[in-house]
Amino acid sequence: MSQLSTLPGPDATASGPGDPVTPVVGRAREVELLVAALDSGAHVVLEGPPGTGKTTLLRAVAEQAHSAFVFVEGNAELTPARLIGHFDPAQVLEHGYGPETFVDGPLVEALRLGALLYVEEVNRIPEETLNVLITVMSEGELHVPRLGRVAAARDFRLVAAMNPFDAVGTARISSAVYDRVCRITMGYQGADDEAAIVDLKAPDLDGGWRTRVVALVRSTRGHTDVRVGSSVRGAIDLTRLAVSLARRRGVAATDWHVGLDAALVALSGRIRLTESCTRTPEAVVRELYEAQFGAEPTPDTDDDTDDDSDDEGGGAPGGA
Ligand SMILES: Nc1ncnc2c1ncn2[C@@H]1O[C@H](COP(=O)(O)OP(=O)(O)OP(=O)(O)O)[C@@H](O)[C@H]1O
Ligand SMILES: [Mg+2]
């Protein structure tokens, strides 16, 4: 069974009273490895497909350790100046160059604070910005023209995240980066854990129905026409959407048609089809939906609009 934990491990008691800690479902091994790697002084890259909990994991670890946490979205516009900081032109005119006129960027802020600097999508950032990070990891300090040396406080660590599958706009990060970091891979969660995550985000729904929603989302990852399937985010959205749609239609969230519409809206944009596939994403989602929830119920048998039970609607075959 999946378990919901605030961080396990030797420091499990360190969570102070009243401290909100991001709940992490499962992932005990990855948490342990990440905590140990950071403790040992290493910088870390978390590598895994979207939605596998990289940000959640790091946030929880930072909260547990009471570490400052500086978050940077990696993209092609993340120039060295944006990462490091800049001199405020108006202030410089008045006071000249100096620490008081420098506006810290996330890197300088993290170095000074001894924070965890979390760079998302590190493989999208420009080469020259990556080189700045390489220098900081090697030297433990940064030299900023006209500002001088900024040394890394003791607990400064870089944690970078990247999606291995996302070919659009991403480059392989260089071996110079890989040689300076430890690497933790995050695969898709197991079915029980995904169901527990959905329950965390959209609680109080019929367990059997939720299991099928998770099975549906997981089946997008193995379909021959699909290049990249949906993450657990698709299951979370599908579930929330079904609840909202059902309320508007005055039927149960488990209604077959509600589920199909929620699946189409939540999943058709998330799956990416193979180049050679001539079908639409909607057709693929519908096929997978019917595989989990059965064919469309005929109106005279069970249209679920008068549904008064919490069954799956539509006489679906066994789920996952
Ligand atoms: N182990 C987990 N415990 C609790 N929630 C989780 C877990 N894994 C994923 N989630 C939930 O799934 C969603 C996606 O997780 P998260 O943002 O951490 O993924 P990510 O790997 O950082 O994705 P991306 O690569 O797109 O940045 C969030 O809503 C998060 O709360
Ligand atoms: Mg993330």
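The values are calculated or read from the model by the stated rules, or taken from the named source; none is laboratory data. Bear in mind that the values here come from a model prediction, so they are computed numbers and not experimental data. In this analysis, Cβ positions are derived from the backbone assuming ideal geometry, glycine residues included, and neighbour counts consider all displayed protein chains.
Data overview
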quantity: Hey, Val136 buried (at least 16 other Cβ atoms within 10 Å of the Cβ), in contact (Cβ under 8 Å) with a residue 12 or more places away in the chain, more than 16 Å from ligand 2 (Cβ to nearest atom) and assigned by TED's automatic domain parsing to the domain that holds Ala283 or not; calculated: no
quantity: Out of Asn75, Asn131, Asn123, sole residue that is within 18 Å of Arg149 (Cβ to Cβ) and among the polar types (S, T, N, Q); calculated: Asn131
quantity: Residues located in the range 20-49, provided they are surrounded by fewer than 16 Cβ atoms within 10 Å (Cβ to Cβ) and within 7 Å of ligand 1 (Cβ to nearest atom); calculated: Pro23
quantity: Subset tally (residues that are more than 10 Å from ligand 1 (Cβ to nearest atom), modelled with pLDDT of 85 or more and outside any helix (DSSP H, G or I)) for the range 160-180; calculated: 3
quantity: Whichever residue in the range 14-59 is farther than 25 Å from Glu194 by Cβ and among the charged types (D, E, K, R) and, among such residues, is modelled with the highest pLDDT; calculated: Asp39
quantity: Close pairs from the range 188-204: first assigned by TED's automatic domain parsing to the domain that holds Val228 and in contact (Cβ under 8 Å) with a residue 24 or more places away in the chain, partner basic (Lys, Arg) and away from ligand 2 (no atom under 16 Å from the Cβ), Cβ under 6 Å, at least 6 apart; calculated: Ala195/Arg210; Val198/Arg210; Ala202/Arg240
quantity: Close pairs (7 angstrom Cβ cut-off, 6 or more residues apart or separate chains): under 16 Å from Tyr188 (Cα atoms) in the range 43-60, basic (Lys, Arg) and more than 8 Å from ligand 1 (Cβ to nearest atom) anywhere; calculated: Glu47/Arg183
quantity: Residues within the range 115-133 that are buried (at least 18 other Cβ atoms within 10 Å of the Cβ) and not in a helix (DSSP H, G or I), tallied; calculated: 8
quantity: Single residue of the range 115-133 satisfying the filter (within 23 Å of His66 (Cβ to Cβ) and touching a Ser or Thr at 6+ places or on another chain (Cβ under 8 Å)) that is nearest to ligand 2 (Cβ to nearest atom); calculated: Glu120
quantity: Test result for Asp199, more than 30 Å from Ile125 (Cα to Cα), touching a strand residue (DSSP E or B) at 6+ places or on another chain (Cβ under 7 Å), in a helix (DSSP H, G or I) and of a type in the set (D, E, K, R); calculated: no
quantity: Filter pass, Ala37 being more than 11 Å from ligand 2 (Cβ to nearest atom) and in contact with a Ser or Thr (Cβ under 6 Å, 6 or more places away or on another chain); calculated: no
quantity: Pairs where the first residue, in the range 207-226, is acidic (Asp, Glu) and the second is assigned to a helix (DSSP H, G or I), C-beta under 8 Å, 6+ apart; calculated: Asp225/Val284
quantity: Flag for Arg149 being in a helix (DSSP H, G or I), away from ligand 1 (no atom under 16 Å from the Cβ) and on the phi < 0 side of the Ramachandran plot; calculated: no
quantity: Residue list for the range 52-100, restricted to those being among the aliphatic types (A, V, I, L, M) and either over 30 Å from the mean Cα position of the chain (by Cα) or exposed (fewer than 15 other Cβ atoms within 10 Å of the Cβ) (or both); calculated: Ala76, Ala81, Ala90, Val92, Leu93
quantity: Extreme residue, nearest to Gly74 (Cα to Cα), among residues of the range 189-201 that are surrounded by 19 or more Cβ atoms within 10 Å (Cβ to Cβ) and within 16 Å of ligand 2 (Cβ to nearest atom); calculated: Gln189
quantity: Selected residue (criterion: surrounded by the fewest Cβ atoms within 10 Å (Cβ to Cβ)) from residues of the range 265-294 that are closer than 21 Å to Gly207 by Cα and of a type in the set (A, V, I, L, M, F, W, C); calculated: Ala291
quantity: Filter pass, Arg183 being under 18 Å from Asn123 (Cβ atoms), more than 14 Å from ligand 1 (Cβ to nearest atom) and surrounded by fewer than 23 Cβ atoms within 10 Å (Cβ to Cβ); calculated: yes
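Residue-wise test of (1) at pLDDT 95 or above; (2) surrounded by fewer than 18 Cβ atoms within 10 Å (Cβ to Cβ); (3) over 27 Å from Thr274 (Cα atoms); (4) hydrophobic (A, V, I, L, M, F, W, C).
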residue	(1), (2), (3), (4)
Ser219	yes, no, no, no
Arg227	no, yes, no, no
Ser230	yes, no, no, no
Gly234	yes, no, no, no
Arg240	yes, yes, yes, no
Leu245	yes, no, yes, yes
Thr254	yes, no, yes, no
His257	yes, no, yes, no
Leu260	yes, no, no, yes
